[in-house]
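**Student:** Dropping a structure here in C-alpha cells format, bear with me for questions.
The values are calculated or read from the model by the stated rules, or taken from the named source; none is laboratory data. Model, not experiment: these values are computed from the prediction. Positions of Cβ are generated from backbone atoms using ideal geometry, with glycine treated the same way; all protein chains shown enter the neighbour counts.
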C-alpha cells in the first residue's frame, strides 16, 4: 500500500512539474484564436548558452479580467457590466504581483482618475513565482517563464479587448493601456495582435519601468512608439544589476516621450526614499508612485528635454519644456527624452522642481 501511495505522489509531482515549468521546446506550438509561437531563445544565466522555450497554454495561464469603476474602485465587477461607448482603461501588473496586490491596486486607482472604467488583467499563473496550488518552479527560470508567457497573455487579452470594442461599441481611441514592468512589455504584444489580427490601434499607452533584460536586442519583443497613437514611458531602475549584465528596468527609449526622473535610477544611488543602491525593486516601483502623484496632485512635474540618456545634469544642450511627466504629457506635440527632479515625497509640490532650478 505504501508503494502505491508513493507512486501516486510521484505521478502528481511530475504532472505539476511539466504543467508549470516552461520546458525547452524545438517546434512551433499553436493554439486556437492566438496563433502559433516559435521557440524563442532566452538566456537563463549570462555565462550559459540560451535555451529555446515556448509559452504555457492559455488553458494553463487562465488570465482573469475584472472591471472597476470610479464610483466603486474596490469592487470587482464582470466585464458584462461595462456600458456602451465609454472610455476604458486597462491596468496590467508585472512579474509576480497579482491584480490584488497593493501596487496593482494603486495602478488601478490612479487610472480611475482619468478613465471612468478600468479593466484589470490578472495573469498571476503566468507571472507569479509558484504561489498557487500544484505549482512548481525553478527560481532561475522565473523571469524566463514570465517573459515568454506575457506574449501569450498579450494575444489572449487583445482578443478580449476586440470583443469589448464590438460588443460595447467602444472607440479604440479612448482605450488607455497602462502597465508596469513585464505588464508594460505585454502592452507591445496586446498592440501587435490587435493591429495584426483585428486591425485596431489603441489610443494611448503608458508604460512604467518596462522590465528587462530579456527584451534587449529583440525589437520584436519590446515596446515601440507604434504600439498606440500616443505612448509615454517612465524609467526608474535602469542601472541596477540583477545579474551582470542584466538590469531590472529597460534602459532604452521605447515611446514617443520617455521620462527618466532623477536620471532613471542613478548608477550609485536608488531613487529618493529607497535607501542605497541595493534596493533595486524599490526604485522599480517608484515609477508607479511618480505617475500617481502626477495625476493626483496639482504639482507641475516639469522636465528638461535632452538629446541623450546619460549625464543629463551636465548636458549643456538640454532645454526646459512645457511637457510634464505623467498623464498631462500628451498636451504637447514634441517628442524625445525627458528628465525631472523629484524628491522623496512626490506629492509635495515644494519638492518637485525643474532641473534648471537646482
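**Student:** Can you name the residue in region 225-260 that is assigned to a loop (DSSP other than H, G, I, E, B) and out of contact with any strand residue (DSSP E or B) (no Cβ under 8 Å at 6 or more places or on another chain) and is also modelled with the highest pLDDT among such residues? Full working, then the answer.
**Tutor:** Step one: list which residues in region 225-260 are assigned to a loop (DSSP other than H, G, I, E, B), which gives 228-229, 235-240, 244-245, 248, 250-256.
Narrowing the set further to residues that are out of contact with any strand residue (DSSP E or B) (no Cβ under 8 Å at 6 or more places or on another chain) leaves 244-245, 251-252.
Numbers: 244: 46, 245: 45, 251: 84, 252: 88.
By that ranking, first place goes to 252.
**Student:** Right, another one. Restricting region 133-158 to residues that are modelled with pLDDT under 65 and not in a loop (DSSP other than H, G, I, E, B), which is surrounded by the fewest Cβ atoms within 10 Å (Cβ to Cβ)? It would help to see each step written out before you state the result.
**Tutor:** So in region 133-158, the residues modelled with pLDDT under 65 come out as 133-140.
So of that shortlist, the ones also not in a loop (DSSP other than H, G, I, E, B) come out as 139-140.
Details: 139: 8, 140: 11.
Here the answer is 139.
**Student:** Looking at region 308-324, which of its residues are modelled with pLDDT of 80 or more and over 25 Å from the mean Cα position of the chain (by Cα)?
**Tutor:** 317, 318, 319, 320, 321, 322
**Student:** What are the pairs, 6+ residues apart or on separate chains, where a residue within region 280-307 that is at positive phi and modelled with pLDDT of 90 or more has its Cβ under 8 Å from a residue that is surrounded by fewer than 21 Cβ atoms within 10 Å (Cβ to Cβ) and in a strand (DSSP E or B)?
**Tutor:** none
Yes/no per residue for (1) surrounded by 14 or more Cβ atoms within 10 Å (Cβ to Cβ); (2) modelled with pLDDT of 85 or more:
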residue	(1), (2)
17	yes, no
26	no, no
29	yes, yes
41	no, no
50	no, no
56	yes, yes
70	yes, yes
78	no, yes
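**Student:** To continue, here is another question. Residues to consider are 212, 184; find the one that is over 19 Å from residue 33 (Cβ atoms), modelled with pLDDT under 95 and surrounded by 24 or more Cβ atoms within 10 Å (Cβ to Cβ). Show your work before the answer.
**Tutor:** On the way: 184 fails: modelled with pLDDT under 95.
On inspection, the qualifying residue turns out to be 212.
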